[in-house]
Amino acid sequence: MSVLLKNGLVVTATGSFIADVFVDGESIRSVGTGLTAPADETVDATGMYILPGAIDPHTHIDMPYQDTRSSDDWVTGSIAAACGGTTTIIDFSLQGKGESIHDAVERQKERASGRSVVDFGVHAGLTDIRPDVLSEVQRAIHDYGTPSFKIYLFYDFRVSDADMMSLLVETRKHDGLLEVHAEDWDIIQREGERLSRTPSGAPLMHARAHSVAAEVEAIKRVVQAVQLTDSRMYVVHLSSADGLAEVRAAQMRGLRLRAETCPQYLTLTEERYEEPHWAGAKYVMSPPLRTSVNLEPLWRGIREGAIQTIGTDHCPFNFDGQKDMNGRDDWRVIPNGAPGIETMLMLLHSEGVVKGRICREKMVDVLSTTTARTFGLPHKGAIAPGMDADMIVFDPLRRFTIRQRLLHQHVDYTPWEGWEIIGMPRIVYSRGTRIAEWAGDRMRFIGAPGAGRFLRRSPIGAL
Ligand code: URP
Ligand code: ZN
């Protein structure tokens, strides 16, 4: 199968130009003007952007949580990704007590294989840092194709600072990358205890307990650990201006600290927790939504390069039947997480590019190009010869009103219900195959479950 896209605006992380893109099989063969190679499919992309497929490095698909699982399985979650323009997912698999990294990774690989419609990778979430696990890190990076590992400083399965440092040393030695959920357990526990005695205001108390101070304190510990071990680290879902200030200060001192933020921290604020009829539970996630003063500094952080990537932290639970399982009486057990896998690109474009907060090249950089480099995906993340033909023909003027009933993610709400969007995918290709397209009022999926492949990622070079 060959595809020729004609006269689109090819957007790269460093510039944009009108060109044709010729795809032969699964890869981009050439990018240039006046290409005439005969193709099975020719698309007039005049007025359209040609973007690399987005890479979502932070999802929790079919994730066990308390007595339930996040509501998207690998078919529905990856279809939602595809319809939103995301052609690569890197999901987390949380290591159980006594489990090897190998088994944790295989568990998630098995769940996704034969189901995912887009290519996928796995990060190992490490919780049980035994000597045999530390020595397995090298094999995970070089043999399993899983060079990135996440630790938590919050939740029951958090790791100690000593274990964080041991992992920093191992990942530095073998070209891996350690990621961290940076919230301080002690601060949140103490505040949680105090606030749990407050009878009113339930979901808002989650945000109060998970204070900005808890994020800042955890990042300070991370910075010290990176400095002491001369290693590098990636802070997932950075949510606050003060947290960003710590990251920036470390970067200014030459420390190799990277940061990701999410569309929810760029667009939503903590007033959501006070929505009537307990609807604030929809936004119970960790870290929580912050006050409005945090939004513009995070956008500036992206613009200025202090934040390098965007992930969604897609972790959907139905409002009816999951969020309210136990949580109506105790906000501390409301399942943490919210949906977002399908709305990442549309929000970054509409709220970011259209509103002049970032340029379209920066959007491509943080959604694709730098994400690919950060996570060991040399064949993804750019429209260039030799790359996988993961491409979006994107209509920058298309208007769309976000409605959960028009989306594909398997959950009963979206945090952005009713938002007016400018810019939507027209066609999405995964390795040269058309998998989703605009269908008049919404995206339509036309790919096949199981077509996505496990991505054996490379060790991670200089960042
Ligand atoms: O609230 C969230 N973010 N849920 C998913 C698990 C995690 O903390 O990343
Ligand atoms: Zn997460």
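Roughly what % antiparallel, to the nearest 5, for the DSSP beta bridges in the chain? Spell out each step's value before the answer.
Working: 35 of 72 bridges.
Antiparallel bridges: around 50 percent, rounded to the nearest 5.
Lysine pairs in the chain with alpha-carbon atoms under 20 Å apart, 8 or more places apart or on different chains: how many are there? Before the final figure, lay out each step's value.
Numbers: Lys97/Lys109; Lys97/Lys150; Lys109/Lys150; Lys109/Lys380; Lys150/Lys173; Lys150/Lys220; Lys282/Lys323; Lys362/Lys380.
Lysine pairs, 8 or more places apart or on different chains, close enough: 8.
DSSP beta bridges fully contained in segment 1-158 are about 45 percent antiparallel.
When shorter helices are ignored and each DSSP H run of at least 4 residues is given -39500 (n - 2.57), the per-residue value for the chain at 222 nm works out to -7500 deg cm²/dmol.
If you place +1 on the Cβ of every Lys and Arg and -1 on the Cβ of every Asp and Glu, how big does the dipole about the Cα centre of the chain come out, in debye to the nearest 20? Don't skip to the end; give the middle numbers.
Details: 51 positive and 61 negative charges, 163 e Å.
Around 780 debye, computed over the chain.
Between Ser160 and Asp132, the simple label model (points 7 Å from Cα in the Cβ direction) yields a spacing of 2.0 nm.
Could you give the length gained on full extension between Arg139 and Tyr65, defined as 0.36 nm per residue of separation minus the Cα-Cα distance, in nm?
Numbers: separation 74, 0.36 × 74 = 26.64 nm, distance 2.83 nm.
Net length gain for the segment: 23.8 nm.
Simple spin-label estimate for Glu437 and Ser2 gives 2.0 nm between the two label positions (7 Å along the Cα-to-Cβ direction from each Cα). With only the Cα atoms considered, segment 54-374 has a convex hull volume of 123 Å³ per residue.
If you place +1 on the Cβ of every Lys and Arg and -1 on the Cβ of every Asp and Glu, how big does the dipole about the Cα centre of segment 300-356 come out, in debye to the nearest 20? If you can, show how the numbers build up before the last one.
Values: 6 positive and 8 negative charges, 53 e Å.
Value, rounded to 20: 260 debye.
The share of accessible area on the chain that comes from carbon and sulfur is 49 percent, using a 1.4 angstrom probe.
Working from label points 7 Å from Cα in the Cα-to-Cβ sense, the Thr36 to His277 distance is 6.3 nm. Put +1 on the Cβ of every Lys and Arg and -1 on every Asp and Glu Cβ in the chain; which of Phe400, Met252, Ala209 then has its Cα farthest towards the positive end of the dipole? Comparing the listed Cα positions along the dipole, Met252 ranks first.
Within segment 10-107, list the trypsin sites (Lys or Arg not before Pro) lying in a DSSP loop whose Cβ has at most 12 other Cβ atoms in a 10 Å radius.
Details: sites: Arg29, Arg69, Lys97, Arg107; in loops: Lys97.
Counting only loop positions with at most 12 other Cβ atoms within 10 Å, the trypsin sites (Lys or Arg not before Pro) in segment 10-107 are Lys97.
Taking all protein chains into account, the per residue accessible area for the chain stands at 36 Å² (1.4 Å probe).
Let's test the formula: R0 of 30 Å, r as the Cβ-Cβ distance of Asp320 and Glu296. What FRET efficiency results, to the nearest 0.05? Efficiency at R0 = 30 Å is approximately 0.30.
The values are calculated or read from the model by the stated rules, or taken from the named source; none is laboratory data. Being a predicted model, the structure only gives us computed values, none of them experimental. Counting neighbours? That spans all protein chains shown, and the Cβs are built from the backbone with ideal geometry, glycine included. Side chains are part of the model used for accessible areas, which takes the heavy atoms of the whole protein and leaves out ligands, DNA and RNA. Shrake-Rupley method; radii C 1.70, N 1.55, O 1.52, S 1.80 Å.
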